[in-house]
Amino acid sequence: MASVRVAVRVRPLSQREKDLSAKVIIQVDGHKTSVLNMKENYHCMNEESFGESTKSFTYDFSYDSMNRTSPNFVTQEKIFEDLGTDVLQAAFEGYNACIFAYGQTGSGKSYTMMGDPNDYGLIPRICEGLFHHISGVLQKDKASFHMEVSYFEIYNERVRDLLPSTETQGCELKVREHPKDGPYVEALSRRHVQNYTEVGQLLQEGNRRRTTASTCMNHVSSRSHAIFTIRFVKAMFDAELPSETVSKVHLVDLAGSERANATQATGIRLKEGANINRSLVTLGVVISALADLSVGGGMKKKQNFVPYRDSVLTWLLKDSLGGNSKTIMIANISPADINYSETLNTLRYASRAKNILNKPTVNEDSNVKIIRELRAEIARLKALLSAGNQMVSFEQPSGSSVEEKLHQDEARVQELTEQWANRWKEIHNILGEDTVALRKEGIGVVLDSQMPYLICIDEDRLSTGVVLYHLKEGRTSVGAGGTEPEQDIVLHGEALQKEHCVFENRTGTVTLVPLPGARCAINGVEVTQPYVLTQGVNIQLGKATMFHFNHPQEAAQLREKRKFMEKSSSVVLLNITFCVLRQKASHTDLEQHDNE
């Protein structure tokens, strides 16, 4: 069990607050943050205290970032050292982690999480720190790493991909829930990254797509909640035992709560603010419910319900709040007296969040867990043999000796270890290519390729793998093998020649060139001359070897053309409908005129 860690950060007075002659009402002293009530009505007629003039809260961290000239000023670097390094450690140990910034609009959440080009925030620093740690571990432990990122926003309770593929461009994505892995965004693109430069480019791309607007309280106000997710896989041999962990890190920049009279929002901005407040109110209710459950050690069944699904935001953060995650909340507040109510509400929610208990566990690969358990069993069997015991009292075939069981387990461990090592080696080699990217869509996995390729259609019902052959720029030779030099693609099938055919890829145009005597067919029609392939055709080589041809660039062009045609058809249909209605109206007018 681990409590949600909470930090509070106070930003400097904004220019708007200075223009309104706002006074500073926040004081930071160590871990304590105090807010002063400047209203004159907190005293009664007899000048006795009507309520507390100062309210104090204690957190794991209290950051004073009000005045850069102050010796107590807390920088972005200091916040990363206190909070970001914990996220790095959690990721490398195999735990899920989450940091989310909370507060009213204009309180400095985006600056804390993203920063600016001259002073990076937590998200860029954490990503850079991951790759810095990776380079150190690679030299020391020779571990393998795989890192994928996704970036999406929740705008008006709708999910939008900020790093969209061609299929998700402009689409609203749906939220599903996996029985084991929990809530996820269906069809969300995941980008494989190999260095911090690639991450920085993706962050810039996503931030350009994120919805922002100007309000009276913030000239660059975030109008959506943004969630940047890192999926971090670490694999290595630890004392000759395979070790593979998978960590999921959510870095969340929430939109700020706002009052309509303060932002003077109307129209679209007003609707955006209403949806933002709705999701943040739900987040507050969830935080309060989880805090009550953690403090009370369980309540009545009617009060045990936590309304995660009342908002898309809380649904997607379900695992980070009260689940399998090491979670940090950063409450950002304004020091100005004109924001007293919002500041006090933020501090109260942050104080409640401290009571939430999560249950972080190491996310270990299932096969690696089996190998470790078998190793423990082998050690136990060896101990029995050394003690002179020849039989073991657990369920196994009659007459089976400890020595036989030991050999079986050792063979099984060797087999699983070799499979695991080979799998990682192949994944590392494949994903090291610039033309290939792996992404997750719901519970499925999609291997994207920029190059034209063939997918083998295997008639063997026992075949469970998916075979993909890239058609490189230039010539790709195909045959049954046994030649010098070897064919690029070696196939085993009936009526296949040693040198069967060639695929020529010239500047994106792929041509099938059958060799003399070779049997080749396109969509069931035999061809003997060079044939230019188009997206989606089926190719038969020999008597039964089948392939499906994909050309990603051509497919993208066809999708755009189809969208254009659908829009054009809709416009034509609308025009026809309008003309028919106009003719009916004219006909009705004529009938009325004749009747008169």
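The values are calculated or read from the model by the stated rules, or taken from the named source; none is laboratory data. Model, not experiment: these values are computed from the prediction. Cβ placement follows ideal geometry from the backbone for every residue including glycine, while neighbour counts extend to all protein chains displayed.
The numbered conditions (1) modelled with pLDDT under 90; (2) part of a strand (DSSP E or B) are all true for V295 except (2).
Within segment 492-501, the residues that satisfy the criterion of being buried (at least 19 other Cβ atoms within 10 Å of the Cβ) and among the hydrophobic types (A, V, I, L, M, F, W, C) are L496, C501.
Evaluated against (1) modelled with pLDDT of 90 or more; (2) outside any loop (DSSP other than H, G, I, E, B), N41 falls short on exactly one condition, (1). Within segment 331-339, is even one residue hydrophobic (A, V, I, L, M, F, W, C), touching a strand residue (DSSP E or B) at 6+ places or on another chain (Cβ under 6 Å) and in a strand (DSSP E or B)? Within segment 331-339 (the criterion being hydrophobic (A, V, I, L, M, F, W, C), touching a strand residue (DSSP E or B) at 6+ places or on another chain (Cβ under 6 Å) and in a strand (DSSP E or B)), the answer is yes, since at least one residue qualifies.
Under the condition of being surrounded by 17 or more Cβ atoms within 10 Å (Cβ to Cβ) and among the charged types (D, E, K, R), the residues counted in segment 505-544 number 1. Checked against the criterion of being free of Cβ contacts under 8 Å to residues at least 12 places away in the same chain and not β-branched (V, I, T), the candidates P71, P124 yield just one match: P71.
Scanning segment 236-271 for residues that are modelled with pLDDT under 75 and under 24 Å from the mean Cα position of the chain (by Cα), we see that the one that is surrounded by the fewest Cβ atoms within 10 Å (Cβ to Cβ) is M236.
Assess whether L573 counts as being more than 23 Å from V467 (Cβ to Cβ), of a type in the set (A, V, I, L, M) and either modelled with pLDDT of 90 or more or not assigned by TED's automatic domain parsing to the domain that holds S165 (or both). The answer is yes for L573.
Within segment 87-138, being of a type in the set (S, T, N, Q) and within 22 Å of P360 (Cβ to Cβ) holds for Q89, N96. Looking across segment 318-347, the residues that are surrounded by 20 or more Cβ atoms within 10 Å (Cβ to Cβ), aliphatic (A, V, I, L, M) and modelled with pLDDT of 90 or more come down to I328, M329, I330, A331, I333, A336, L347. For segment 139-176, the set of residues classified as without any contact (Cβ under 8 Å) to a residue 40 or more places away in the chain and under 27 Å from T361 (Cα atoms) consists of K140 only. All of (1) buried (at least 16 other Cβ atoms within 10 Å of the Cβ); (2) in a helix (DSSP H, G or I) hold for F547 with one exception: (2).
Only residues that are under 43 Å from the mean Cα position of the chain (by Cα) and under 13 Å from T545 (Cβ atoms) were counted across segment 482-519, and they come to 6.
State yes or no: is G136 over 20 Å from V193 (Cα atoms), assigned by TED's automatic domain parsing to the domain that holds S243 and modelled with pLDDT under 85? No, not satisfied. Only one entry of E441, E484 meets the criterion of being acidic (D, E), modelled with pLDDT under 90 and surrounded by 12 or more Cβ atoms within 10 Å (Cβ to Cβ), and that entry is E441.
Restricting attention to segment 53-98, the residues that are within 17 Å of H133 (Cβ to Cβ) and crowded, with 19+ Cβ neighbours inside 10 Å add up to 10. Scanning segment 520-534 for residues that are under 14 Å from F547 (Cα atoms), at pLDDT 90 or above and assigned to a loop (DSSP other than H, G, I, E, B) turns up N523, L533, T534. Filtering segment 352-367 to residues that are of a type outside the set (A, V, I, L, M, F, W, C) and touching a residue at least 40 places away in the same chain (Cβ under 8 Å) leaves R352, K354, N355, N358, K359, P360, T361, N363, E364, D365, N367. Looking across segment 348-375 at every residue that is among the β-branched types (V, I, T) and either more than 27 Å from R412 (Cα to Cα) or under 25 Å from the mean Cα position of the chain (by Cα) (or both), the one that is modelled with the lowest pLDDT is identified as V368. Take T105 and decide whether it is buried (at least 20 other Cβ atoms within 10 Å of the Cβ), in contact with a Ser or Thr (Cβ under 6 Å, 6 or more places away or on another chain) and among the β-branched types (V, I, T). So T105 passes the test.
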